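Please treat every number below as a calculation from the coordinates, not as lab data. If you're wondering where the values come from, they're calculated on a predicted model, not measured in any experiment. As a convention, Cβ positions derive from the backbone with ideal geometry for all residues, glycine included, and neighbour counts pool all protein chains shown.
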Amino acid sequence: MPNKILEKKRWLGVFVILPFLIQTPTDNPSAQEVGTNPDFLMVEPDTEAEDPFAAVLDPLMDAKLIPGFYFSVHQNGEKVYERIKGSADLQTNLTPSEDTIYFMASMTKPIVTAAVLKLVEQGKLSLTQEVSDFLPSFEHLTVLPNGSYENQMLSAKTKMTIHHLLTHTSGLTYTFAQNNDLAENYRALGIMSIESLIQDNDLGDLSSHVEKLGELPLQNHPGEQMIYSVSTDVLGKIIEAITGEELSSHIEKSIFSQLDMSDATFWVEPEKADRLARLYAPLSKVSSSPDCQDCKNYIASPLLDENIKNFGQAIPKTWDSGGAGSLMTARDWTKFVTMILNGGLHNNKKFLTKKSVELMTSHQLPAKLGSNALVKAGMGPAATGFGFTYGLGIAPEKNGTLNNPESYDYLFWLGAANTAFWIDPVNKLSGIFLTQLYPIRYPSIFQLQEVADQMFGSKNE
């Protein structure tokens, strides 16, 4: 495998659905702890190593930060690298593979985004259409500035649109994204959080959740700020309203089956349960004792474990989560990203139009939000200069602009169960990293992308 010396250093950080964590040096010059949490380990890419990918990944296993992983890189749809280590289920000794089924969490969002864009292509939906056209409770929205009851409640000066939902500029939030009165209201009502879906059985269906959201104030006027939020879950309900189908059924027909994503689903069939990766939690986060001798730093998570292994479901089948509900294999996911890299084509047939692909691969946030939109969204200072498409983040190239595909580095997103991917449209590269650990604790995906760029890219030759 060829080696190339890194000529540039990109930021080292964790772009996740949680706030960014601050890096601090340690006694080990090859590693950094993130913040004060010893669970987090950073390893700077070493392209002079015999296997630069292993130099990034293996320390995570050596430090017992994760139980195992699957990692691969594809170029032009063909696998050019694969590394597997550890276990996807310590209890059954399940070896990770491209056919292991993983809970994808927020990596569901690009899938639902694609489904929305297909409805736009079919003329059933407009990007500028008001959300209240489908959800009456969103007709008369109010705003609680900064989500604080110390501020005066205002009438929303802008109608919320499909575009606002796709860009997370809707004014909605997540329970974990903000620490304010509004987020506390979300928590109290159990609105669209993984924990509430798992732990409570009487929260009602998706319609009732959306109805609650329409009755609560927004954190800001639509379009004025990006806040990572339940927006994609609301899009899921709109899909249901348009199609008359449950979200999972519609996604199966319009996305999964058409892309031959044979194991992708919201509700895993029991006969496939032996291929499901077990979700773990850091031992420090769980009060009970380990259920196996090999679980040194992690045990089976009480959050999803019983449902996944006993029922073959990520969450109880009360309603489908457009923001976090899908499960699939690496093989499935590669088919989705390869379609994007091929300009919307799958097996030489049009799946998405060129316009839809452009919307998913170009910066969509308004200029007035500046270069700190994702920072203000709760993703920390390391996100300065980053952009957001419909469903994907954009990492800027040095001295590049987010408005020119030739001058940004890659597209990416992550999920709370430690799933992550990137897409490099220029070099026709994609990579996926899969493990199962909740909450997020690894920072490796950006180092892996950096190595792939140097190993297989052409921009730096």
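The relative contact order of region 125-256, computed from alpha carbon pairs under 8 Å that lie at least 6 residues apart in sequence, is 33 percent.
Pairs spanning more than 21 Å between alpha-carbon atoms, out of K79/K354; K253/K335; K118/K335: K79/K354. Kindly list the residues of region 108-126 that lie in the label zone of T158, defined by a backbone N under 19 Å from the point 7 Å along the Cα-to-C-beta vector. Counting backbone N atoms under 19 Å from the label point, the list is 126.
Multiplying the residue separation of E184 and Y149 by 0.36 nm and removing their Cα-Cα distance gives an extension gain of 11.5 nm. Note on H346, H164, H140: ascending count of other Cβ atoms within 10 Å places them as H140, H346, H164, the fewest first. Among M226, M455, M328, a tally of other beta-carbon atoms within 10 Å of each Cβ gives an order, fewest to most, of M455, M226, M328.
You can think of it this way: the chain between K376 and V80 has 102.9 nm of extra reach, that is 0.36 nm per residue less the Cα-Cα gap. By other beta-carbon atoms within 10 Å, ranking D233, D274, D51, D424 with the fewest at the front produces D274, D51, D424, D233. Of the peptides 132-139, 337-344, 369-376, the ranking by mean beta-carbon count within 10 Å, highest at the top, reads 337-344, 369-376, 132-139. Available extension along the chain between V426 and N347 is 26.4 nm, counting 0.36 nm per residue and deducting the alpha carbon span.
Distant-in-sequence amide contacts of T142, defined by a placed amide H-H separation under 5 Å and a gap of 5 or more residues or a different chain, comprise A156, L218.
Considering region 125-256 at the alpha-carbon level, its Rg and Dmax are found to be 14.4, 47 Å. The distance between label points at E50 and A63 comes to 2.3 nm (points 7 Å beyond Cα on the Cα→Cβ vector).
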